[in-house]
Amino acid sequence: QVQLEESGGGLVQAGGSLRLSCAASGRTFSRYAAGWFRQAPGKEREFVAVISWSGGSTSYADSVKGRFKISRDNAKNTVYLQMNSLKPEDTAVYYCAAASAFAPVRVGEYDHWGQGTQVTVSS
């Protein structure tokens, strides 16, 4: 069993940066791919970024490519999402998730989810 807890959300002005962290419990976390998703009010949860279990493979949604970077430290059981050049449309609750698949991008492919952290970008 893997439990995930996000942190690092908050209020930031457009153009600013935030770094989200996702701390995982469970010795097997390093065997899971880790993804970040987000959900804005009234919208479906959408893929943001994913990193493979080794960190050797990453993928991003087109809307964040070049601005966000996902990374992981398996020794610390932690996954990060560095978010730069934030825009008001990035406002959402951000969720961390873990999957046994290689580097999935769909919500249904993830086995474990955190509770989410709010990110608000003001214009």
When every residue in region 110-123 that is outside any strand (DSSP E or B) and over 13 Å from the mean Cα position of the chain (by Cα) is compared, the one nearest to residue 41 (Cα to Cα) is 123
The one condition residue 4 fails out of (1) crowded, with 18+ Cβ neighbours inside 10 Å; (2) of a type outside the set (Phe, Trp, Tyr); (3) in contact with a helix residue (DSSP H, G or I) (Cβ under 7 Å, 6 or more places away or on another chain) is (3)
Expected single match for surrounded by 14 or more Cβ atoms within 10 Å (Cβ to Cβ), modelled with pLDDT of 95 or more and not hydrophobic (A, V, I, L, M, F, W, C) among 59, 30 is 59
In region 64-81, residues that are closer than 23 Å to residue 14 by Cβ and surrounded by 15 or more Cβ atoms within 10 Å (Cβ to Cβ) total 7
Note on residue 41: of the conditions (1) out of contact with any Gly (no Cβ under 7 Å at 6 or more places or on another chain); (2) surrounded by 22 or more Cβ atoms within 10 Å (Cβ to Cβ), unmet is (2)
The condition from (1) touching a strand residue (DSSP E or B) at 6+ places or on another chain (Cβ under 8 Å); (2) under 21 Å from residue 112 (Cβ atoms); (3) surrounded by 15 or more Cβ atoms within 10 Å (Cβ to Cβ); (4) not acidic (Asp, Glu) that residue 25 misses is numbered (3)
Cβ pairs under 9 Å, 6+ apart or interchain, first in region 24-50 and at positive phi, second open to solvent by 70 Å² or more (accessible area, probe 1.4 Å), ordered by first then second residue, are 26/1; 26/3
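The values are calculated or read from the model by the stated rules, or taken from the named source; none is laboratory data. Just so it is clear, the model here is predicted, and its values are computed rather than measured. For neighbour counting, all protein chains shown are included, and Cβ atoms are generated from backbone atoms with ideal geometry for every residue, glycine included. Heads up: the accessible areas ignore ligands, DNA and RNA and are worked out on the full protein's heavy atoms, side chains in. Shrake-Rupley method; radii C 1.70, N 1.55, O 1.52, S 1.80 Å.
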